[in-house]
Amino acid sequence: MPLRGVLPPLVTPFRPDGALDLPAFQANLETLRDSGPVGFLVLGSNGEAAGLDGSEKLELVAAARRSLPGRFLLVGTGMESTRGTVALTARAADAGADAALVLTPHFYRGRMSEEALRRHFAAVADASPIPIYLYSVPAFTGLAWPPGLAASLAGHPRIAGMKESSGDVGLLARIVTSVPTSFEVACGNAPVFYPALCVGATGGILAVANCAPRPAVALFDAFVAGDHDRARHLQEELTPLAVAVTWTWGIAGLKAAMDLAGLRGGAVRAPLLPIPDAAREEIRTLLDQANAAV
């Protein structure tokens, strides 16, 4: 199961002039690939996919494939149209993606009924040369995941699972109990990673794993080993950092944490803003706390 473990949703480094910094991207991969992740996500929400153009997206996929021979590479290919998603998924597959993560279309969220979403995902999967994973992140899309949608799609031969990022453990549990055991459900919200594993999540696609991969992987390993006391302790120590680099400071905070961890996070792309200097010291303290727990 490719999502059995922890996968970082990779950030996209930029140069000071805002251009894509592929050497920094590859340098991050060289460091992270030996820290325990079972795979990597390129072009996710934390990769600022919404601010990248088409050629940049494919450059990142190709660079990740070169840096990760034999490792599972998941690529975000969701677009606002079904046609656009089908096209990007095919191009990502040609560039080396092993599977595609397809975000819910949401600009016309008032018309995105369960049936509209079902048809969208099924059409993308029908045309895709690689497995598809569904992606729900209502904090960004404003679109709640219909509880029965995963079950209605789980029988499709090229729909392999989903990333559920709402932080609603009850919803994740309902999804898990409605789909076959072969359908992987990954938690996309690090502050609830341990409880998500307890209700059946197969792994986590966690922003915090970019800056603190070892505590995130250790939490998963402790859970699998049945060491729930250690898993709970790691969750307690990791949660403040996870909150800081997602809800509090967002992608700019995550990139700052990576810089502090010796990686190359760098600046966000406009219109996103950098974090205040004082926030860096807060993040440094939380990063040290999380890493000391391992």
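Computed from the coordinates by the stated procedures, all read-outs in this text should not be read as laboratory data. None of these values were measured; they are calculated from a predicted model. FYI the Cβ positions are ideal-geometry reconstructions off the backbone, even for glycines, and counts take in every protein chain you see.
Remarks
- Taking the C-alpha atoms of the stretch 66-171, convex hull volume expressed per residue in Å³: 108
- Separation of the stretch 177-221 from the stretch 62-109 is 21 Å, based on Cα centroids.
- Amide proton proximity set for Gly76, modelled H, under 5 Å, gap of 5+: Val42, Leu43, Gly44, Leu101
- Each Lys and Arg Cβ is given +1 and each Asp and Glu Cβ -1; about its Cα centre, the chain then shows a dipole of about 580 debye.
- Karplus-derived 3J(HN,Hα), 6.51/-1.76/1.60, for each residue of the stretch 157-168, Hz, glycine and proline x: x, 10, 9, 9, x, 7, 10, 10, 10, 6, x, 8
- Cβ-derived FRET efficiency at R0 22 Å, Arg118 paired with Ala87, nearest 0.05: 0.60
- Cα-based equivalent ellipsoid of the stretch 6-213: semi-axis lengths in Å, sorted from largest, via gyration tensor: 25, 20, 16
- Count Lys and Arg as plus one, Asp and Glu as minus one, and take only other residues whose Cβ is under 10 Å from that of Ile275; the net charge is then 0.
- Exposure proxy order (Cβ contacts within 10 Å, fewest to most) of Thr89, Thr181, Thr31: Thr181, Thr31, Thr89
- Overall form of the stretch 136-269 per C-alpha gyration tensor (a/c, 1.5; a/b vs b/c): oblate
- Simple spin-label estimate for Ala27 and Ser182 in nanometres, 7 Å along Cα-Cβ: 4.4
- Hz values of 3J(HN,Hα) by residue in the stretch 97-107 - Karplus curve (6.51, -1.76, 1.60), Gly and Pro given as x: 5, 8, 7, 10, 9, 10, 6, 5, x, 8, 4
- Lys/Arg +1, Asp/Glu -1 at C-beta; the chain dipole; positive extreme among Thr246, Phe220, Phe140: Phe140
- The residues packed around Val192, meaning those with a beta-carbon under 11 Å from its beta-carbon, carry a net charge of -2 if Lys and Arg are +1 and Asp and Glu are -1.
- For Gly204, the residues whose amide H sits under 5 Å from its own are Gly5, Val6, Leu7, Cys187, ignoring neighbours fewer than 5 places away on the same chain, with H placed 1.01 Å from N.
- Linear extension gain, Val38 paired with Arg111, 0.36 nm per residue minus alpha-carbon span: 22.6 nm
- Stretching Glu59 away from Ala144 to a fully extended chain increases their span by 27.4 nm, per 0.36 nm per residue minus the current alpha-carbon distance.
- Asp259/Val224 FRET efficiency (R0 45 Å; Cβ-Cβ; nearest 0.05): 0.90
- Each peptide among 41-47, 242-248, 126-132 gets the average number of other Cβ atoms lying within 10 Å of its residues, and from highest to lowest they stand as 41-47, 242-248, 126-132.
- Computed from backbone phi, the HN-Hα couplings of the stretch 255-263 come to 5, 5, 4, 5, 4, 5, 8, x, 9 Hz, rounded to whole numbers (Karplus: 6.51 cos²θ - 1.76 cosθ + 1.60, θ = phi - 60°; Gly and Pro given as x).
- Per-peptide average of other Cβ atoms within 10 Å, ordering 138-147, 185-194 highest first: 185-194, 138-147
- With the charge dipole of the chain set up from +1 on Lys and Arg Cβ and -1 on Asp and Glu Cβ about the Cα centre, the Cα lying farthest toward the positive end among the listed residues Ala100, Asn189, Asn46 is that of Ala100.
- Distant-in-sequence amide H partners of Phe14 (H built 1.01 Å from N, under 5 Å): Asp21, Ala267
- The GNM of the chain, with springs linking C-alpha atoms under 10 angstrom apart, assigns the highest mean-square fluctuation among Ser152, Ser166, Ser136 to Ser152.
- In this structure, Cys198 and Arg269 have a Cβ-Cβ separation that, at R0 = 35 Å, corresponds to a calculated FRET efficiency of about 0.45.
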